[in-house]
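Input: a single structure, listed below in structure tokens.
Just so you know, all these numbers are worked out from the coordinates, no wet-lab data involved. Small disclaimer: the values here were computed from a predicted structure and weren't measured. So basically every Cβ, Gly included, is an ideal-geometry build from the backbone, and we count neighbours across all protein chains shown.
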Amino acid sequence: MSAAKWRRALASPTGVSTRGRSSGGKLPPTSNRVVGASRRAQWIASGVTLGLLLLYPAIASPFFIFQIGAQALILGLIALSLALLGGYGGMVTLSQMTVAGIAGYVVALFGTNADAAHSLGWPWWLAVLAALVIGTLAATLIGLLAVRTEGIYTIMITLAIGVAFFYLVQQNYTIFNGFQGLAHIMPPRLFDMDWRTPIPFYYLSLAVAVAGYAAVAYVVRSPFGMALQGIRDNPRRMRSLGFHVTLHRVAAHALAGLIASLGGVLLVWYNAQVSPGSVNTTAMINILMIAVLGGMRHPIGAFLGALLFVLLQNFAIDLVDRERFNLVIGGVFLFVLMASPDGLLGIWQRVRAMVHPAARR
């Protein structure tokens, strides 16, 4: 197949290969009905889920709205950036929390915080814009270093970058204020509303999370996303067909960096502070665990994993000591992966196949 034909196949609206089509270039009627029914079911499920998320603050307490709902959306957004790289690009990294931390520090330093000596006092919108730009640029630079490696080497080089940034912010007092970090970093007060109160902040997090989810869902079905998945499966063949493998991978890192930067801005507003503890190895590994727990085969998996992680983080201490939380989350992680390598999404697919055998097709 020539490169031009391959690009036309990737650009098909349904994302379905030309193999198996009739001579007229159309899918068989049965396949059309199955695809149409699947799309309708996905739209209905998405609409119902969004409706429940919008109604959630009406039935939940402030603790569940802010501590559970908003935090799960923010961590899910950062894990979504990893799911884009790992699930669709085949590039599992540990740098997404580092990118989110860079964006968080930029918001704190360029905007306002409790320490005027470490604050430029820019308007909030300019500080947020700078955070997104610098976070995306940092992710692009990390991508330029990481995309030339594969497998465990990608994980190790991104881990080394993350550890280097952690020690930089911990030991530098002139800019980052060392291990104390920067505190009292609040979201802007717009429309005479305090956006850090539970309900407004939850809806702000929901809006950004939905935008990130929609962007990833669109990109993975676009020609770029289909090419990225082809590179994941067989980079040598995609290169022979005329695709620039390295450029696609770096572009994926940049897009994932923008999403992680959005999550980093929300996270620093959620915590009202940023410190080296926000970007240490535990935080980096937690994002990886969230993405794997939920499943990387669909963007929703990142948010499912984040919800499970946040619930365990808040309620596991009722069963064990706080210091043993890592033991609990590690046990749950192993249990889920033993039940399904695809995480919670894989378990759901198995249950669905048992209830509706037609779903196996």
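Some values worked out for this structure:
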item	result
More than 20 Å apart - percent of Cα-Cα pairs taken over region 40-116	58
Computed lengthening from residue 327 to residue 246, 0.36 nm per intervening residue step minus Cα-Cα distance	25.3 nm
Size descriptor, Kirkwood hydrodynamic radius, that averages inverse alpha-carbon separations across region 229-361, Å	17.5
From phi via Karplus (6.51, -1.76, 1.60), per-residue ³J(HN,Hα) for region 247-254 in Hz, x at Gly/Pro	5, 5, 5, 5, 4, 5, 4, 5
For region 62-321, size of Cβ-based charge dipole, Lys and Arg +1, Asp and Glu -1, in debye	920
Three semi-axes of the equivalent ellipsoid, region 74-155, Cα gyration tensor, whole Å, largest first	29, 12, 10
Percentage relative contact order, region 62-321, counting C-alpha pairs under 8 Å, at least six apart	40
3J(HN,Hα) from dihedral phi, region 207-212, Karplus parametrisation 6.51/-1.76/1.60, rounded to Hz, x for glycine, proline	4, 5, 5, 5, 4, x
Whole-Hz ³J(HN,Hα) from phi, Karplus 6.51 cos²θ - 1.76 cosθ + 1.60, for region 269-281, glycine and proline x	5, 5, 7, 6, 6, 9, 8, x, x, 6, 10, 6, 5
Cut-off under 5 Å, modelled amide H: who pairs with residue 273 long-range	185
Calculated FRET efficiency for the pair residue 272/residue 125, C-beta based, R₀ 22 Å, to 0.05	0.70
Förster radius 51 Å - calculated FRET efficiency between residue 42 and residue 117 (Cβ-Cβ, nearest 0.05)	0.50
Folded to 0 to 90 degrees: helix 124-146 orientation relative to the chain principal axis, Cα	60
Share of alpha-carbon pairs per 20 Å distance bin for the chain, given as whole %	27, 57, 15, 1
Distance (nanometres) between label positions extended 7 Å along Cα→Cβ at residue 282 and residue 350	3.1
Relative contact order computed over region 221-361 (Cα-Cα under 8 Å; 6+ residues apart), in percent	16
